[in-house]
1. Within 24 Å of A:Arg479 (Cα to Cα), open to solvent by 10 Å² or more (accessible area, probe 1.4 Å) and either of a type in the set (Ser, Thr, Tyr) or not assigned by TED's automatic domain parsing to the domain that holds A:Val130 (or both) - does that describe any residue in region A:44-62?
2. Considering each of B:Gly259, B:Gly253 in turn, give the residue that is crowded, with 21+ Cβ neighbours inside 10 Å, touching a residue at least 24 places away in the same chain (Cβ under 8 Å) and more than 7 Å from every other protein chain (Cβ to nearest Cβ).
3. Quickly run through region A:191-205 and pick out the residues that are assigned to a loop (DSSP other than H, G, I, E, B) and open to solvent by less than 10 Å² (accessible area, probe 1.4 Å).
4. Just to be sure, is A:Arg26 among the basic types (Lys, Arg), under 26 Å from A:Val315 (Cα atoms) and either touching a residue at least 40 places away in the same chain (Cβ under 8 Å) or open to solvent by less than 70 Å² (accessible area, probe 1.4 Å) (or both)?
5. Does A:Asp89 qualify as being assigned by TED's automatic domain parsing to the domain that holds A:Gly169 and farther than 24 Å from A:Gly256 by Cα?
6. Residues of region B:324-350 being away from chain A (no Cβ under 14 Å) and either over 28 Å from the mean Cα position of the chain (by Cα) or open to solvent by 30 Å² or more (accessible area, probe 1.4 Å) (or both), which ones?
7. For A:Ala276, which of the numbered conditions (1) part of a strand (DSSP E or B); (2) open to solvent by less than 20 Å² (accessible area, probe 1.4 Å); (3) within 11 Å of chain B (Cβ to nearest Cβ) fails to hold?
8. Report whether or not B:Phe282 is in contact with a strand residue (DSSP E or B) (Cβ under 7 Å, 6 or more places away or on another chain), buried (at least 24 other Cβ atoms within 10 Å of the Cβ), closer than 26 Å to B:Glu176 by Cβ and more than 7 Å from chain A (Cβ to nearest Cβ).
Number of protein chains: 2
Amino acid sequence: MTRSWWGWGNVEDAVRGAELDALLTRARALAPGELTDHEPPDVASLGIPAARLSPPSSLAELCSADPADRAAHAHGKAFRDVARNLLGDLPHVPDLVARPRDERDVVDLLDWCSRDRVAAIPYGGGSSVVGGIEPRFEDGRPAVTVDLTRLDRVLEVDPVSRAARIQAGVLGPHLEDQLRPHGLTLRHFPQSFEFSTLGGWLATRAGGHFATLSTHIDDLVESMRVVTPSGVAESRRLPGSGAGPSPDRLFLGSEGALGIITEAWMRLRERPRRRAKAAVRFADYAAAVAATRAVAQSGLHPANCRLLDAAEALVNAGVAVDGGVLVLAFESADHPVRASLERALELCRDHGGETPDEPTDSGTDSDTASDTWRSSFLRMPYQRDALARHALVVETFETACTWDGFDRLHRTVTGAARDAIRDVAGLGAMTAAKRGSWHPAPRGSGGRPPASYGVVTCRFSHVYPDGPAPYFTVYAPGRWGAMVAQWDGIKTAVSEAIAAHGGTITHHHAVGRDHRPWYDRQRPGPFGAALTAAKAVLDPAGVLNPGVLVPAP
Amino acid sequence: MTRSWWGWGNVEDAVRGAELDALLTRARALAPGELTDHEPPDVASLGIPAARLSPPSSLAELCSADPADRAAHAHGKAFRDVARNLLGDLPHVPDLVARPRDERDVVDLLDWCSRDRVAAIPYGGGSSVVGGIEPRFEDGRPAVTVDLTRLDRVLEVDPVSRAARIQAGVLGPHLEDQLRPHGLTLRHFPQSFEFSTLGGWLATRAGGHFATLSTHIDDLVESMRVVTPSGVAESRRLPGSGAGPSPDRLFLGSEGALGIITEAWMRLRERPRRRAKAAVRFADYAAAVAATRAVAQSGLHPANCRLLDAAEALVNAGVAVDGGVLVLAFESADHPVRASLERALELCRDHGGETPDEPTDSGTDSDTASDTWRSSFLRMPYQRDALARHALVVETFETACTWDGFDRLHRTVTGAARDAIRDVAGLGAMTAAKRGSWHPAPRGSGGRPPASYGVVTCRFSHVYPDGPAPYFTVYAPGRWGAMVAQWDGIKTAVSEAIAAHGGTITHHHAVGRDHRPWYDRQRPGPFGAALTAAKAVLDPAGVLNPGVLVPAP
């Protein structure tokens, strides 16, 4: 397999053949003119400038100055990144890619960077969608990307406490491969699972498999080891503690700005043996939301509890409903879960939910669920790339809010996205019939004529007793060459709507550089000052991922 | 009701009459000589020195310089505090007790303290057992205790998201009284419930009702409002977020050293309607621990899962067993819980557990459970005070560790406590018969002759999939006048044993001043530097609870 330098995942897994034909058939309903495929540029033709610095000889063998290698580490995997790669627009490329073999190398690299004021960008799988690993600094200083994927081993397993000490650079599948012989699993499956690392999950507070309870990787951490320019911070392995503010919680979400996570003790579990799942249809979205809230507040703790709105159900599940579809699943390694599912379905029926199909049980640890997941959820980024090559803008926005504010936030964000799509794309030639195949009739939006350009869908990625984490996907016709500006316009409009209605600027995609304007407003001022002070003492030379989370010093 | 100035709770609720007779009968088995009651001193006779400062006139009406008021705010409620009060030993008394009426008053008080370099000690219910609210500073500067109990209202209830905005100074019962009309409850019941406040729980990461899942108050927080000398930090109401390191998690556990919490949005729930509980007996402690671990790792999420060792079962539950007793309870506001209990009991039987009594169901929201809890759990601090008046040393120590290390930690801590009791008390005259009525025959402890002085009991206050939170209680004969030194000796020995075996110095009692030596060793160095830097920027004059968590500047 060959990793794509410009887009998602492996080159060999790109969308092609029948999958591409089907995708483009659907895309033609959205795009007004002919769809033209734009081949990615040859990376050798991009004129990547030579590195502006050389490593000390002691570190030379860790470092690559190869232009293709550096180009592949220049951007994350947001639509914005892929579009710029396709256009050959790479103004910020790291000068070197360093691949430490062990923690000692990480320490030495940070020592060198601090001494010479070289920016150091921690890099796991490179799947950031928020500009988190892009060497884009105001002062244009030289940068070394510290690619941690050589630190890829499970070092120790404690089967009694069900925990393992794991190096931070391990990619998802390789991590699970190493745990499988022990009968244990981390069971953290973000969409980026194949191409993201434990350290990346920890540094960005990644959201995972479970829709309730352990929604973020934060909850699975027992202790962490972090290399900072001021020393190594290692917390004690503890199942719980109340000794002052949690040290781990400072480094969780620090996005490489406070240190480089080298390893962590992670909480594991047995693989589930009992499963039960069902899909509930609703004629009314408000009723569907109320049902989802009832399940979230029931204490039943479903593993999956994903409400798809009508647009999302149509586009990504092929189901035509007026209200929405709630996908429910329960799982356990210990006991039957059918009664929990039945109670959840009862709550749904109380709110008008219909379950046309019998709920399905799965008593064995079959791979059906994960196969399904692989074939749809995991294909989305590849499909996004294929659409980007055809000048369609596809992006996701995610947040969380309390239940009392969700209806307003959902309407406002959806409306803002539609307006922005119209503003940036100026499409007027679409026929209602074509639109209809992508999107159900838009509902009233406060007297304004309904915005009917593009598609905006919403699903809940996670739910809490006090609110959901809505995940929006926007599909919009773009113009080749203008797609980044179009993306920026939509991103700004959606982010403003989220911020204005009390949502978080990110539930699990992190802040990076792209979310900074809204994060800065969301973050309590004194906490920002505390974080800046913490960074100053941990990273006195200000070399760690400058500009992420806090202003570059 | 009159709050005791020297001991726990209300004067009217002190142990007396038949309860005292029964307690002293048991205590006589432990103490070699006659038990003598020592009346607490008259606070007016203690010669509390006059306040060394006057408040500015604008704040004068908030401030009390009354010696009795100040004496009552000088110490927390550890045995060490009660013993010193009984001995009239109050070297560190706040100069003033200030009672702000609103957040504006809190801001004004901190402004004044920062300007005049007066120490400000945030004070909720004053139930600290770690020296957290004692104005004990190396530089002996003047101190104002900021008693927040006037901020006692529930300001807003969101019944949809099930959350409420609550002032931080509200005591537990008054908080629940205000939530009850809404059919909601915080359901956070630390042992100090009656005499501790929401703000105190947040500042110390208090442990509560639930033995699994939401073990700490941390998990119930939606957002917080904190007054710091550098401004007010208010986080956004969010059910979940991944936007950088959590702001709330910096202030949770900050113990008044970073700011004064004035209010918080807290997650609530409906009162439970379904309950099921059982007690399981074990002939072997290792098997009992294994059964408890199986339940903790099952995903059944019991509300209670408290393993009492043989000594704890005998002393506090009146049950004679060789191994231990596991107390299990499940509760729900939504669905039956009997099947969960049955599965947990099955796991216990797999490990040799016996359930002599039928499990009991409770389909209604009866007060039986809380009545039982009030009459035993809530009486313990009152009984502790009665024993202290009779020169018995009674104290609790708590920690958490991973399952793989628990057996060693349990043996070591228990052994260290017994050795320390002998070392500090020098008792040799106890008869085996007398000892026996307090403690079952000690098990082998590695070839050493068993230490047979005093009583050391252990229960789990909370359990996690990766480890338990053991809670030790030590009863030892003391000598009037030497009890504080005796306590210090035992405390040091137990804390060293906990630290040496990987436990946390506190699972939910906080750090304060008394746990500092061990906390300083436990806390990762770079995190300590970050915390100190955060304090310096939030509290530039260094007036907030000096010496707690980090060294006084």
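The values are calculated or read from the model by the stated rules, or taken from the named source; none is laboratory data. Since the model is a prediction, treat every value here as computed from it, not as a measurement. Reconstructed Cβ throughout: ideal geometry from the backbone, glycine too, with neighbour counts over all protein chains shown. Heads up: the accessible areas ignore ligands, DNA and RNA and are worked out on the full protein's heavy atoms, side chains in. Shrake-Rupley method; radii C 1.70, N 1.55, O 1.52, S 1.80 Å.
1. Yes, region A:44-62 contains at least one residue that is within 24 Å of A:Arg479 (Cα to Cα), open to solvent by 10 Å² or more (accessible area, probe 1.4 Å) and either of a type in the set (Ser, Thr, Tyr) or not assigned by TED's automatic domain parsing to the domain that holds A:Val130 (or both).
2. Working: B:Gly253 fails: more than 7 Å from every other protein chain (Cβ to nearest Cβ).
Going through B:Gly259, B:Gly253 in turn, just one is crowded, with 21+ Cβ neighbours inside 10 Å, touching a residue at least 24 places away in the same chain (Cβ under 8 Å) and more than 7 Å from every other protein chain (Cβ to nearest Cβ): B:Gly259.
3. Kept after step one, since they are assigned to a loop (DSSP other than H, G, I, E, B), are these residues of region A:191-205: A:191-192, A:196, A:205.
Result: A:Ser196, single match.
4. Values: among the basic types (Lys, Arg): yes; under 26 Å from A:Val315 (Cα atoms): yes; either touching a residue at least 40 places away in the same chain (Cβ under 8 Å) or open to solvent by less than 70 Å² (accessible area, probe 1.4 Å) (or both): yes.
Spelling it out, A:Arg26 is indeed among the basic types (Lys, Arg), under 26 Å from A:Val315 (Cα atoms) and either touching a residue at least 40 places away in the same chain (Cβ under 8 Å) or open to solvent by less than 70 Å² (accessible area, probe 1.4 Å) (or both).
5. yes
6. B:Val327, B:Arg349
7. (3)
8. Answer is no for this residue.
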